[in-house]
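Working notes, structure below.
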Amino acid sequence: MKKTAEIVIIGGGVSGLATAYFLAKMGMKDIVVLEKGYIASGSTGRCGAGIRQQWGTEMNCRMAINACDFYEKGNEILEYDDDIEFKQGGYLIIATTEKEHEQFKKNVALQQSLGIPVKHLTPQEALEVVPFLNISDVLSATYCKKDGHLNPFKVCDAFAKACRKLGVEINTYTKVEDIVVENGRIKEVVTDKGNIATNKVMNAAGGYSQVIAKMVGIDLPVYSERHNILVTEPVEPFLGPMVMAFQKNLYIQQVPHGSVIMGKGDPNEPRDFTIKSSWHFLDEMARIACDTLPPLRGLRMVRQWAGLYNMSPDCQPVLGSVDEVEGFYMAIGFSGHGFMMGPTTGMVIAEHILGQESELTKLLIGMLHLSRFEKGELILEPSVV
Amino acid sequence: MSQNKTIVCRCEDLTLEDIRELIKKGYKSVDEIKRISRCGMGPCQGRTCRDIVLSELAKAEGKDISELKMSTFRPPVKPVKLGLIERGEE
């Protein structure tokens, strides 16, 4: 392990690896990534791995468009010797309340103005996209055929391999124990495998971001929350798009490999680091999934697991530098959307650190700074699960 | 048939050669091999493959299997139809 580094990135998930990749690509040397487990062992590897451009704020739409463009060419850009398994089967988002239906009209107008190929469908038209959808309580649906999902392990594997080719040092099974700050500046990172002298640290620790921030004396207004997922046995392709419902709080998708992955949130989850599977989830998930897509009744579920959402007060991430400590950067608090935004996160943080900010980076860094919570400038996104 | 063509993971058709190749490439735990190859993610839930993968890793690293970490055992114990779970409380 290196003894000195230009930057130490904490977290070997998509945010940390994408940032390391863009920094290296833009010419930075001596980049070290620290990961306490293996690559994608945290929130990234446990997520539903969908990517949608159908958001309710311009900022999120633009972050997702940028990420989607990257993922479309991901195998080529990263020169990956495998496949990141990007399936653009679309997202079908269903409205089951009058309020959602009205919101979707606004969302679609915004999305179309940004060039996103989205359509507002009647329940009958939704049936043309997913023929066995239960439309008994569906008022309308929005559909964007360019949305989709990926294999999160392969995405991180691709970023990690590209990083190593560019000279990035990735240390797995290496736990950060402390960060030394002197006179308001980053000095050193202390790990269980030795110390690294550096002036820059990036916090990309996902569900543990608040633990890392505390090491430099910052009390983040975020918490972590378990979200369960289950997967079925693989079967022949039958479900094109990701089916999602905000009111019902669920998503269901069939991966190219054939298995169906589904998850839902639970408002009663405790705010801690638990990632054990819960029976309660399985019970509720089975009921709501079978009701929404009746053919699922015949599929066997083979496994369930859980991961952490790193929740911020407005369910939007915190990006960029902080006022309190010089050289400390963050890409945290994604509230369940970190994977899909990964390539944008990497690009934005790298441009910000190197002082080469594009228009999108300026916009995002300006809006997503940590100080927005104190100033009361919360960003209200109407379309979140 | 050579030993290398022996099927280790019947759910994903992975051979001993495939597993040894992954170990050689640097995937150094049952968890890492599971996530990159789906070995242990199939309907058998790793019953056949995970012990073999663990012993291959132990051999490659010159360690005893007791020194290595097994992947997490996740529910359910055996695959269950979602429709059955849906009707569970009746």
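Taking the Cβ of A:Arg185 as the centre, find all other residues whose Cβ is under 14 Å away and add up their charges (Lys, Arg: +1; Asp, Glu: -1).
-3
Going from the alpha-carbon gyration tensor of the range A:285-381, what semi-axes, largest first and in whole Å, does one get by taking the root of 5 times each eigenvalue?
Equivalent-ellipsoid dimensions as semi-axes: 36, 15, 13 Å.
Heavy atoms of the protein only, probe of 1.4 Å, neighbouring chains included. What is the accessible area of A:Leu319 in Å², nearest 10?
Solvent-accessible area, nearest 10 Å²: 0 Å².
Does anyone have the angle between helix A:98-113 and the longest principal axis of chain A? Alpha-carbon axes, 0 to 90°, nearest 10?
Orientation of helix A:98-113: about 60 degrees from the principal axis.
At a 1.4 Å probe, what is the % contribution of carbon and sulfur to the accessible area of the range A:223-311?
55 percent
Roughly how large is the A-B contact in terms of buried accessible area, totalled over both chains, probe 1.4 Å, nearest 100 Å²?
Counting both chains, the buried surface is close to 2700 Å².
With every protein chain in place, what's the accessible area of B:Lys34 (1.4 Å probe, Å², nearest 10)?
Counting only protein heavy atoms, B:Lys34 exposes about 10 Å² to solvent.
How big is the range A:1-95 on each of its three principal axes, counting only the C-alpha atoms and giving the largest first in Å?
Cα extents, longest axis first: 54, 31, 27 Å.
When the dipole is taken about the Cα centre of the range A:91-144, and only Lys, Arg (+1) and Asp, Glu (-1) are charged at their Cβ, what size is it in debye, to the nearest 20?
In total the dipole reaches around 200 debye.
Provide the percentage of antiparallel DSSP beta bridges, counting only those with both residues in the protein assembly as shown; round to the nearest 5.
Percentage antiparallel, nearest 5: 75.
So what is the 222 nm mean residue ellipticity for the protein assembly as shown from helices alone, if each DSSP H run of at least 4 adds -39500 (n - 2.57) and you divide by all residues, rounding to the nearest 500 deg cm²/dmol?
-9500 deg cm²/dmol
Kindly work out what percent of the DSSP beta bridges joining two residues of the range A:91-144 are antiparallel, to the nearest 5.
About 100 percent, rounded to the nearest 5.
Over 10 Å intervals from 0, what percent of Cα-Cα pairs in the protein assembly as shown sits in each interval?
Going from the shortest bin to the longest, the percentages are 4, 20, 30, 27, 15, 4, 0.
To the nearest 10 degrees, how steep is helix A:279-292 against the longest Cα principal axis of chain A, on a 0 to 90 scale?
50 degrees
Can you tell me the equivalent ellipsoid semi-axes for the range A:117-247? Use √(5λ) from the Cα gyration tensor, largest first, whole Å.
Whole-Å semi-axes of the equivalent ellipsoid: 44, 20, 14.
Rank these by accessible area, largest first, 1.4 Å probe: A:Glu182, A:Glu79.
A:Glu79, A:Glu182
Given q = 0.12 Å⁻¹, what are the Debye log10 I(q)/I(0) values for the range A:223-311, with equal point scatterers placed on the Cα positions and solvent ignored?
Computed log10 I(q)/I(0) values: -0.35.
For chain B, give me every cysteine whose Cβ has no other Cys Cβ within less than 4.7 Å, ordered by residue number.
B:Cys11, B:Cys44
Taking only protein heavy atoms into account and a 1.4 Å probe, give the accessible area per residue of the protein assembly as shown in Å².
About 41 Å² of surface per residue is accessible.
If you take the beta carbon distance between A:Glu374 and A:Glu182 as r and set R0 to 22 Å, what does 1/(1 + (r/R0)^6) give as a FRET efficiency, to the nearest 0.05?
0.30
What's the whole-number percent of alpha carbon pairs in chain B lying beyond 22 angstrom?
It works out to 32 percent of all Cα pairs.
Using a simple charge model, +1 on the beta-carbon of Lys and Arg, -1 on the beta-carbon of Asp and Glu, nothing else, what dipole does chain B show about its Cα centre, in debye to the nearest 20?
Its charge dipole is roughly 80 debye.
Among A:200-213, A:19-32, how do they line up by average Cβ neighbours within 10 Å per residue, starting with the highest?
In decreasing order of mean packing, A:200-213, A:19-32 become A:200-213, A:19-32.
When Cβ neighbours within 10 Å are restricted to other protein chains, what is their mean count per residue of peptide A:228-240?
Across the residues of A:228-240, the mean count of other-chain Cβ atoms within 10 Å is 2.
Can you tell me the orientation of helix A:14-25 relative to chain A, as the angle in degrees between its alpha-carbon axis and the longest Cα principal axis, to the nearest 10?
50 degrees
How large is ³J(HN,Hα), in whole Hz, for each residue of the range A:195-208 in order, when computed from phi with the Karplus curve 6.51 cos²θ - 1.76 cosθ + 1.60 and θ = phi - 60°, using x for Gly and Pro?
Working through the residues one at a time gives 9, 10, 7, 7, 9, 10, 10, 10, 8, 10, 8, x, x, 10 Hz.
For a 28 Å ceiling on Cα separation, which of these pairs sit above it: A:Lys264/B:Lys28; A:Lys146/A:Lys248; A:Lys105/A:Lys276; A:Lys119/A:Lys248; A:Lys276/B:Lys5?
A:Lys264/B:Lys28; A:Lys105/A:Lys276; A:Lys276/B:Lys5
Enter the mean number of other protein chain beta carbons within 10 Å of the beta carbon of each residue in A:150-160, as an integer.
Partner-chain Cβ atoms within 10 Å, mean over residues of A:150-160: 2.
With point charges of +1 on the Cβ of Lys and Arg and -1 on the Cβ of Asp and Glu, referenced to the Cα centre of the protein assembly as shown, which listed residue (B:Gly40, A:Ala18, A:His120) lies farthest in the positive direction of the dipole?
Result: B:Gly40.
Going toward the positive end of the dipole of the protein assembly as shown, with +1 on Lys and Arg Cβ and -1 on Asp and Glu Cβ, which of B:Gln3, A:Leu296, A:Thr172 do you reach last?
B:Gln3
Take every residue in peptide A:284-290, count the Cβ atoms of other chains within 10 Å of its Cβ, and give the average of those counts.
For this peptide, the per-residue mean of nearby foreign Cβ atoms is 4.
Take A:Asp291, A:Asp283, A:Asp323 and sort them by solvent-accessible surface of the protein heavy atoms, 1.4 Å probe, largest at the top.
A:Asp323, A:Asp291, A:Asp283
What do you reckon, how do A:Glu377, A:Glu269, A:Glu128 stack up by accessible area (1.4 Å probe), largest on top?
Putting A:Glu377, A:Glu269, A:Glu128 in descending order of accessible area: A:Glu128, A:Glu377, A:Glu269.
The values are calculated or read from the model by the stated rules, or taken from the named source; none is laboratory data. Computed from a predicted structure; not experimentally measured. Methodologically, a virtual Cβ is constructed for each residue, glycine included, from the backbone with ideal geometry; neighbour enumeration extends over all protein chains shown. Ligands, DNA and RNA are stripped out before the accessible areas are found, and what is left, the full protein with its side chains, is counted by its heavy atoms. Shrake-Rupley method; radii C 1.70, N 1.55, O 1.52, S 1.80 Å.
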